Every structure is written in C-alpha cells, then in structure tokens.
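See below for the structure under consideration.
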Amino acid sequence: MSVELKRIHHVAYRCKDAKETTEFYKKVMGMDLVLAIAENEVPSTKEPDPYMHIFLDAGMGNVLAFFELPNSPEMGRDEQTPQWVQHIAFEVEDLDALNKAKEHIEGEGLDVLGPVNHGVFKSIYFFDPNGHRLELAANTGTPEQMKQLNEVAPLMIEEWSQTKRAPKHAAWLHEQD
C-alpha cells in the first residue's frame with residue numbers, strides 16, 4: 001500500500017519579517033493572510049525558540065506559509081545552488097493575465113524578468129523581500145504536447161541518470177518562439 005495524498009497542505013519557507021512578508025504578498029500577489037500561529041516553543045522538538053508562522057491563501061486551497069525566527073542567525077540562501085533554481089511558481093489564467101501581472105509588479109517597483117518561453121508555458125520572475133525567487137506562469141501547451149511530454153518523461157529520466165546530459169526527447173520545446 002502506498003500513501004494516499006489528498007493535496008499539499010502547505011509549503012513553508014523562512015522570512016525576515018512576518019508583517020512585511022504578509023503585506024508584500026497581499027499587495028503584490030493578492031494573497032490574504034488566513035492563519036497566524038506563534039509559539040515560544042517548537043511543538044515538535046520542544047526547543048525554546050519563539051516563532052511566528054503565517055499562512056497565505058495562494059488560491060484553490062493552496063497555502064504558502066512562512067516562519068519568522070527572531071532568535072536564529074540572519075537568513076541566507078543556499079550558496080551552492082544557483083539563484084534561479086530554488087523558486088516558488090504560481091499559475092495564472094492565461095498570457096493576458098501574465099502580462100497584466102508583470103505590469104502590476106513592475107508598478108510596485110520590482111524588477112521583472114520575462115516573459116520567458118518554456119515551450120508549454122511562459123513565465124515571469126521576480127523576488128520577494130526575503131530573497132525568494134517567485135515565478136508566475138501561464139500555460140500555453142496543447143493537450144497533445146502535454147501528453148507527449150508525459151510519455152517521454154520516464155525515458156528522459158533514465159537517460160539523464162546515465163549521462164547527466166539533456167536528453168533530446170523534448171528538444172522541440174525550445175525550438176518554438
């Protein structure tokens with residue numbers, strides 16, 4: 001028997017300031033604060049370590065959470081991982097919504113990269129006040145393209161595991177404009 005998952009309950013990251021983070025996600029992303037939990041002791045380990053844990057509505061039952069940890073060393077990022085790798089990606093309705101979001105985010109004074117064409121979706125990228133890279137993506141792929149990508153995925157993983165070179169099974173993704 002395997003685990004029967006319903007959905008992701010929440011994904012949690014660290015933040016520098018819970019209030020600033022809440023305000024950013026409300027103003028820039030339209031996400032409401034749905035829950036705040038604060039403790040002076042970590043429930044799972046019983047360590048005396050005060051924290052604020054905030055939960056933000058990312059739509060359709062998805063929750064993005066953050067911890068502010070005032071007694072921990074200043075937060076940083078994994079310096080061994082390129083900055084573009086670790087990110088939080090959100091889906092928007094379509095290309096029109098993506099372009100409007102870019103305009104809105106730039107209007108908030110943020111630098112936005114993109115749209116970048118990934119073959120079956122287009123994305124824009126920017127950073128939150130904690131240094132987390134955010135992505136907004138609009139799907140552009142057809143059902144046939146998605147089916148083809150799904151079918152070749154196991155072959156690609158197998159080839160990658162042996163060669164550590166990009167397999168050519170989906171090279172067509174990058175041959176489009």
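Some notes on this structure:
- For the range 142-156 versus the range 84-115, the gap between their alpha-carbon centres in whole angstrom: 26 Å
- Inter-label distance, nm, simple model (7 Å from Cα along the C-beta direction), ASN139/HIS104: 2.0 nm
- For the chain: lysine pairs under 14 Å (alpha-carbon distance), excluding those fewer than 8 apart on one chain: 4
- The Kirkwood hydrodynamic radius of the chain, based on inverse pair distances between different Cα atoms, is 18.9 Å.
- Calculated P(r) tail over 20 Å for the range 11-68, as whole % of Cα pairs: 23 percent
- Inter-label distance for HIS118 and HIS174, nm, one decimal - labels placed 7 Å from Cα along Cα-to-Cβ: 1.4 nm
- Note on ARG165 and ASN150: the model spin-label points, each 7 Å out from Cα along the C-beta direction, lie 3.1 nm apart.
- The relative contact order of the range 11-68 comes to 40 percent, based on Cα pairs under 8 Å that sit 6 or more residues apart.
Coordinate-derived values only; no laboratory data. In this text the structure is predicted, and so the values were computed from the model without any measurement. In this analysis, Cβ positions are derived from the backbone assuming ideal geometry, glycine residues included, and neighbour counts consider all displayed protein chains.
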